[in-house]
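Since the structure comes first, as structure tokens, the remarks are kept for the end.
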Amino acid sequence: FNAGTLPNGWNDSIVSGNFGWQVGLDGASINTGNQNLDRTHFVYFDDDSHGIIHNNNSVILESPVIDLSNDTLISLEFDYNTRFYSTIADSFFVDVFDGQNWINVMLRTTDDCGNYVDPNCNNNFPHAIIDVTSYASANFQIRFRYFDGNDANDWGWYVGIDNVRISAIWPVDLQPLSLVTKRNCALGASEPVEAYFFNSGYEGIDTFLIGYQIDSLPIIWDTIYQTIGANDSLRHVFRMPVDLSQQKKY
């Protein structure tokens, strides 16, 4: 939401009332200044700003359709803030669409964290992590809902959402973790190249190629025959050393 508008494909709809979600830097009109989650634009509904004459507000924010049919171990993450009025039935819902039905995966009816200017909340807003693996489909969606309780005598406070993310773990995801660097000035013509690799996937991998390249020289490949399990690492010294005898940036 950093551009100050809803991204393409996101849909804001009003179930009841006259107001929808907003995108901005100040999610609570009761105080002055930027009241948000991380000093960037976010999406919010400020029920308090609409006054007592508008006391039946129910709004929905839907994500675009996301194809998760080929993904595994999927997490929905987002930052949020909810502040509620204790005497009314206001609430914040998070639902996901599994291709056939909407399923509620999170519900808040009490403050979490609350007032944007409260020192206990500022820079410490809640971060939701929800496992949505069992709801994955080719037509997956996310839906955020706010309802102020339709109380005839009062009105609610506000909710805010930011940094929405869907992530999935690949079966095998081997990545270079770090290179053992040499920083002295007496390097020779046959220096070993040593690196760490990490498998962040959920399956093991064996018999694979890893390689390194110095400047524009040909890539040096090694075949690894051992198994690296899920969340495991490998420390490897390549069979072919490298000439670093010339003092320069490589």
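What the table below lists for this structure:
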| read-out | value |
| --- | --- |
| Per-residue ³J(HN,Hα) for region 69-82, Karplus 6.51 cos²θ - 1.76 cosθ + 1.60, θ = phi - 60°, Hz, x for Gly and Pro | 5, 10, 10, 9, 6, 9, 10, 9, 10, 6, 8, 7, 8, 10 |
| Heavy-atom surface of the chain, accessible at 1.4 Å and reported per residue (Å²) | 54 Å² |
| Region 14-88, dipole about Cα centre (Lys/Arg Cβ +1, Asp/Glu Cβ -1), debye to the nearest 20 | 260 debye |
| C-alpha center-to-center spacing [region 223-250, region 73-123] in angstrom | 46 Å |
| Simple spin-label estimate for Phe19 and Thr87 in nanometres, 7 Å along Cα-Cβ | 2.0 nm |
| Projected area, mean over directions - region 1-112, Cα convex hull, nm² | 8.4 nm² |
| Diffusion constant of region 23-69 at 10 °C, which comes from Stokes-Einstein with the Kirkwood Cα-pair radius and 1.306 mPa s, µm²/s | 123 µm²/s |
| Taking the convex hull of Cα positions in region 43-175, its mean projected area over all directions (nm²) | 9.5 nm² |
| Viscosity 1.306 mPa s, 10 °C: Kirkwood-radius Stokes-Einstein D of region 120-250 over Cα pairs, µm²/s | 78 µm²/s |
| Additional length obtainable on full extension of the chain from Asn122 to Ala230, 0.36 nm per residue less Cα span | 35.2 nm |
| Cut-off 20 Å (backbone N to label point 7 Å along Cα→Cβ of Gln175), residues of region 200-244 | 200-206, 208-213, 228-236 |
| Sorted peptide list for 64-76, 133-145, 224-236, criterion being average Cβ within 10 angstrom, highest first | 133-145, 64-76, 224-236 |
| With eigenvalues of the C-alpha gyration tensor scaled by 5 and rooted, region 61-109, Å | 27, 12, 9 |
| Share of alpha-carbon pairs per 5 Å distance bin for the chain, given as whole % | 1, 6, 11, 13, 12, 10, 8, 7, 7, 7, 6, 5, 3, 2, 1, 0, 0 |
| Heavy-atom accessible surface of the chain: percent carbon and sulfur, 1.4 Å | 47 percent |
| Size of charge dipole - the chain - debye, nearest 20, with Cβ of Lys, Arg +1 and Asp, Glu -1, no other charges | 980 debye |
| Given charges at Cβ of Lys, Arg, Asp, Glu: region 24-112 dipole, positive-most of Leu76, Ile103, His41 | His41 |
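The values are calculated or read from the model by the stated rules, or taken from the named source; none is laboratory data. Note that the structure is a prediction, hence the values are computed from the model and not measured. As a convention, Cβ positions derive from the backbone with ideal geometry for all residues, glycine included, and neighbour counts pool all protein chains shown. What goes into the accessible areas is simple: the full protein's heavy atoms, side chains included, and nothing from ligands, DNA or RNA. Shrake-Rupley method; radii C 1.70, N 1.55, O 1.52, S 1.80 Å.
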